[in-house]
Amino acid sequence: MTKEHHQGSQKKNRLTLYIFIALVAGIILGYVLNTAYINEDNAMIHQIDLDIAQLKKTAPLSLPDELKLLSEKRTEILQSRDSKLEPFTLMADIFLRLIKMIVAPLVFSTLVVGVAKLGDIKSVGRIGGKTLLWFFSASLVSLVLGMFLVNYFEPGAQMHLPLPDSSVELGLQKTAFSIKNFLYHIFPTSIFESLANNEILQIVVFSLLFGTATAAIGDHGKILIDFFEVVADVILKITGYVMNLAPIAVFGAMVAVIAKQGAGILATYSIFIGEFYLGLSALWLVLILAAFLVIGKRAFTLFKRMKDPALLAFSTSSSEAAFPKMMMELERFGCGKKIVSFVLPLGYSFNLDGSMMYMTFASLFIAQSYGIHLPMATQISMLLVLMLTSKGIAGVPRASLVVIAGTLSTFNIPEAGLALLLGIDPILDMGRSATNVIGNSVATAVVSKWEGELHH
């Protein structure tokens with residue numbers, strides 16, 4: 001048994017090393033491709049952007065055909081550039097597709113088992129209450145910290161941008177907040193549709209009902225519990241196979257990002273990126289402190305165990321990619337299996353701390369860039385809207401942008417401002433995805449401790 005554990009540990013350390021090597025190699029190759037292979041494409045896109053900006057400045061209404069031609073040419077060059085980098089983007093895309101394939105059945109099977117094993121509806125209510133209390137507290141801290149820092153640093157104040165043309169289209173589907181849409185997003189019309197679309201929050205709702213009902217029918221339900229336990233074990237085995245592809249995915253993702261954006265993108269937005277990552281660091285410290293207060297010195301062991309899932313989420317810009325690995329690591333850390341199965345899937349809908357901080361940061365940065373002053377009362381109401389609209393947000397790249405687009409339209413801030421962030425969003429997404437992983441692991445450990453389910 002010790003030998004097996006040692007081999008497993010060696011394999012895990014090797015995977016971490018391979019992911020890190022892939023990360024560095026991807027950055028280097030991406031930089032080489034950016035300067036030597038697609039530099040002409042990037043230069044042409046940059047020139048067209050300058051031409052479009054100049055035309056809009058000097059003759060915004062008199063030359064619509066010329067503007068249209070320039071936009072079409074830009075799209076053509078973008079497609080050509082993307083096709084050159086397609087082999088690298090495919091590496092990351094295939095890995096993410098495989099992970100997405102796993103997530104819905106894993107959430108469903110583990111949550112049904114977790115709820116059914118909790119026994120009665122009182123246990124579900126008690127643990128669910130503690131979990132949601134932690135989630136909402138963490139979300140509020142993340143949002144408030146983001147709001148405080150963006151007001152203190154004012155990263156957008158230097159941009160001095162004119163208000164954009166209202167017809168600018170970003171290709172992002174807007175999700176303006178309404179109670180009706182929010183409730184529709186929670187309750188599924190068909191569980192099969194929810195599973196097919198990876199609607200985690202809807203799967204969670206159905207799983208809670210299914211698990212509670214399974215526990216309520218007594219001995220008959222044990223057959224189902226055993227069945228779903230086997231399903232969860234099989235899915236976790238598949239996860240092990242898929243995880244072996246992680247270094248290839250990380251390499252492909254990094255090459256594509258750096259090749260397209262270049263090292264220059266880091267310099268251009270370095271102030272915003274630096275301040276956002278400083279905010280994330282502050283949030284990590286808050287999370288470490290919160291974990292230490294509840295679980296003591298074991299908090300440091302927890303963070304050590306989370307380095308693999310956090311690195312994976314960081315590299316792929318997707319906290320979903322780290323979900324199966326987190327589940328395994330939390331159980332090895334000593335969190336009760338039924339608590340992990342219950343809290344972690346809920347966390348992916350209700351506890352995306354990094355994304356929450358990014359939403360206040362991004363929304364207020366855009367307002368500052370256009371010189372729009374938002375009174376504190378408006379900022380607080382924006383914060384509360386973000387807190388609601390973000391629940392159920394997918395843990396996948398660019399999901400946060402969709403929620404921000406809807407919030408901006410609610411508060412009459414130009415949504416075209418999101419274009420300011422599209423270029424650097426992959427770099428920001430990496431940090432917030434890793435933070436989501438840390439936030440959810442702390443939540444699971446804390447609830448396990450509260451329930452007396454944290455074993456050594």
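Among the numbered criteria (1) at pLDDT 85 or above; (2) crowded, with 19+ Cβ neighbours inside 10 Å; (3) out of contact with any Leu (no Cβ under 8 Å at 6 or more places or on another chain); (4) among the small types (G, A, S), which one does G221 miss?
Condition (2) is where G221 drops out.
Could you list, ordered by first residue, the pairs with Cβ atoms under 8 Å in which the first is in the range 119-134 and closer than 21 Å to L287 by Cβ and among the basic types (K, R) and the second is assigned to a helix (DSSP H, G or I) and at pLDDT 85 or above, at least 6 apart or interchain?
What qualifies is K130/V447; K130/W450.
Just to be sure I understand, how many residues within the range 350-374 are assigned to a helix (DSSP H, G or I) and of a type outside the set (S, T, N, Q)?
13
When the range 180-194 is examined, which residues are found to be surrounded by fewer than 12 Cβ atoms within 10 Å (Cβ to Cβ), part of a helix (DSSP H, G or I) and in contact with a helix residue (DSSP H, G or I) (Cβ under 9 Å, 6 or more places away or on another chain)?
The answer is E193, and nothing else.
Any idea which of A290, A253 is part of a helix (DSSP H, G or I), touching a residue at least 24 places away in the same chain (Cβ under 8 Å) and buried (at least 22 other Cβ atoms within 10 Å of the Cβ)?
After ruling out the rest, the residue left standing is A253.
Would a scan of the range 292-314 turn up a residue that is of a type in the set (S, T, N, Q) and under 19 Å from the mean Cα position of the chain (by Cα)?
no
Quick test of your reading of the structure: F272 fulfils all but one of (1) closer than 30 Å to M147 by Cβ; (2) surrounded by fewer than 19 Cβ atoms within 10 Å (Cβ to Cβ); (3) in contact with a helix residue (DSSP H, G or I) (Cβ under 8 Å, 6 or more places away or on another chain). Name the failing condition by number.
Here F272 clears every test but (2).
Can you find even one residue in the range 199-211 that is closer than 29 Å to D429 by Cβ, crowded, with 21+ Cβ neighbours inside 10 Å and acidic (D, E)?
Yes.
Return the residues of the range 177-235 that are under 30 Å from L384 (Cβ atoms) and charged (D, E, K, R); say none if nothing qualifies.
Scanning the range 177-235 gives K180, E193, E199.
Report whether or not L161 is within 19 Å of the chain's Cα centre (by Cα) and either among the hydrophobic types (A, V, I, L, M, F, W, C) or modelled with pLDDT under 85 (or both).
It is false that L161 is within 19 Å of the chain's Cα centre (by Cα) and either among the hydrophobic types (A, V, I, L, M, F, W, C) or modelled with pLDDT under 85 (or both).
Which residues, taken from the range 19-58, are more than 14 Å from R81 (Cβ to Cβ), modelled with pLDDT of 85 or more and surrounded by 15 or more Cβ atoms within 10 Å (Cβ to Cβ)?
Answer for the range 19-58, where residues must be more than 14 Å from R81 (Cβ to Cβ), modelled with pLDDT of 85 or more and surrounded by 15 or more Cβ atoms within 10 Å (Cβ to Cβ): A22, A25, G26, L29, Y31.
Which number in (1) under 26 Å from P426 (Cβ atoms); (2) at pLDDT 90 or above marks the one condition that C335 misses?
Of (1) under 26 Å from P426 (Cβ atoms); (2) at pLDDT 90 or above, only one is false for C335: (1).
Quick one: is L209 more than 23 Å from T407 (Cα to Cα), of a type outside the set (D, E, K, R), at pLDDT 85 or above and within 22 Å of the chain's Cα centre (by Cα)?
The answer is no for L209.
Tell me which residues, restricted to the range 309-335, are among the small types (G, A, S) and surrounded by 24 or more Cβ atoms within 10 Å (Cβ to Cβ).
A313, S315, S317, S318, S319, A321, A322
Test K100 against the stated conditions and say whether it is out of contact with any helix residue (DSSP H, G or I) (no Cβ under 6 Å at 6 or more places or on another chain), part of a helix (DSSP H, G or I) and free of Cβ contacts under 8 Å to residues at least 60 places away in the same chain.
So K100 does not fit the description; no.
Which residues, taken from the range 331-360, are over 18 Å from F228 (Cα atoms) and over 19 Å from the mean Cα position of the chain (by Cα)?
Once the filter is applied, which keeps residues that are over 18 Å from F228 (Cα atoms) and over 19 Å from the mean Cα position of the chain (by Cα), the range 331-360 yields R332, F333, G334, C335.
Of the residues I271, I295, I248, which is of a type in the set (A, V, I, L, M) and in contact with a strand residue (DSSP E or B) (Cβ under 9 Å, 6 or more places away or on another chain)?
Within the list I271, I295, I248, the selection yields I295.
Which pairs turn up if I take residues in the range 47-58 that are within 14 Å of R74 (Cβ to Cβ) and look for partners that are among the β-branched types (V, I, T) with beta carbon separation below 9 Å, at least 6 apart in sequence or on another chain?
Sorted first by the residue in the range 47-58, then by its partner, the pairs are I48/I77.
Output the residue which, of all residues in the range 414-439 that are modelled with pLDDT of 85 or more and of a type in the set (A, V, I, L, M), is nearest to S369 (Cα to Cα).
Per the criteria, the residue is L428.
Quick check: anything in the range 74-89 on the phi > 0 side of the Ramachandran plot, of a type outside the set (D, E, K, R), surrounded by fewer than 17 Cβ atoms within 10 Å (Cβ to Cβ) and in contact (Cβ under 8 Å) with a residue 60 or more places away in the chain?
For the range 74-89, residues on the phi > 0 side of the Ramachandran plot, of a type outside the set (D, E, K, R), surrounded by fewer than 17 Cβ atoms within 10 Å (Cβ to Cβ) and in contact (Cβ under 8 Å) with a residue 60 or more places away in the chain: absent.
Can you go through T389, T410 and tell me which one is buried (at least 22 other Cβ atoms within 10 Å of the Cβ), modelled with pLDDT under 85, out of contact with any Cys (no Cβ under 6 Å at 6 or more places or on another chain) and of a type in the set (S, T, N, Q)?
Being buried (at least 22 other Cβ atoms within 10 Å of the Cβ), modelled with pLDDT under 85, out of contact with any Cys (no Cβ under 6 Å at 6 or more places or on another chain) and of a type in the set (S, T, N, Q) holds for just one of T389, T410, which is T389.
The values are calculated or read from the model by the stated rules, or taken from the named source; none is laboratory data. On a predicted model such as this, the values are computed, not experimentally measured, just so you know. Neighbour counts are summed over all protein chains in view; Cβ atoms, including those assigned to glycine, are modelled from backbone coordinates with ideal geometry.
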